[in-house]
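Quick notes on the structure that follows.
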Amino acid sequence: QVQLVESGGGLVQPGGSLRLSCAASGSILSSHFMGWYRQAPGKQRELVATIISGGSTNYADSVKGRFTISRDNAKNAVYLQMNSLKPEDTAVYYCNVVIIPQIYWGQGTQVTVSS
């Protein structure tokens with residue numbers, strides 16, 4: 001059984017930064033895809049960034065150049081550094097891990113960007 005717990009969300013002003021963390025318990029391998037998604041009110045959940053072993057990353061166009069995903073395989077953790085935050089980044093952020101055929105999700109952490 002895999003459990004994911006996100007932390008690091010909060011209220012930040014436009015242009016500010018936050019670092020989200022996701023701690024995973026269970027059998028996570030470095031080869032497993034891990035990622036961050038977000039869901040704003042009234043919208044579908046969307047991809048933010050993913051990372052696989054070796055450090056290969058993928059980002060949504062809306063966050064490229066502002067967000068950075070990283071992982072610590074020894075700690076079974078994935079992180080999302082978010083810089084130059086905008087009001088449109090406001091959402092609940094979820095981390096996930098893909099262990100085929102299952103996709104595991106955390107409970108989410110709220111990020112609010114507002115002055």
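The values are calculated or read from the model by the stated rules, or taken from the named source; none is laboratory data. Treat the numbers as computed from the prediction; the structure is a model and nothing was measured. Neighbour counts are summed over all protein chains in view; Cβ atoms, including those assigned to glycine, are modelled from backbone coordinates with ideal geometry. These accessible areas exclude ligands, DNA and RNA; they are computed on the full protein's heavy atoms, side chains included. Shrake-Rupley method; radii C 1.70, N 1.55, O 1.52, S 1.80 Å.
Numbers below:
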quantity: Qualifying residues in segment 71-95 (those that are among the polar types (S, T, N, Q) and modelled with pLDDT of 95 or more) - the one nearest to PRO14 (Cα to Cα); calculated: SER84
quantity: Segment 49-69, subset in contact with a helix residue (DSSP H, G or I) (Cβ under 9 Å, 6 or more places away or on another chain) and either loosely packed, with under 13 Cβ neighbours inside 10 Å or at pLDDT 95 or above (or both), residue farthest from TYR104 (Cα to Cα); calculated: ARG66
quantity: Those residues of segment 70-83 which are out of contact with any strand residue (DSSP E or B) (no Cβ under 9 Å at 6 or more places or on another chain) and either polar (S, T, N, Q) or open to solvent by less than 70 Å² (accessible area, probe 1.4 Å) (or both), in sequence order; calculated: ASN73
quantity: Some residue of segment 34-48 being aliphatic (A, V, I, L, M) and more than 17 Å from THR109 (Cβ to Cβ); calculated: no
quantity: Of residues in segment 84-94 being in a strand (DSSP E or B) and closer than 9 Å to THR112 by Cα, the one most open to solvent (accessible area, probe 1.4 Å); calculated: VAL92
quantity: Within segment 1-33, considering residues that are of a type in the set (Val, Ile, Thr) and either closer than 18 Å to THR90 by Cα or at pLDDT 95 or above (or both), the one most open to solvent (accessible area, probe 1.4 Å); calculated: VAL5
quantity: Some residue of segment 34-43 being more than 12 Å from the chain's Cα centre (by Cα), open to solvent by 20 Å² or more (accessible area, probe 1.4 Å) and within 21 Å of SER7 (Cβ to Cβ); calculated: yes
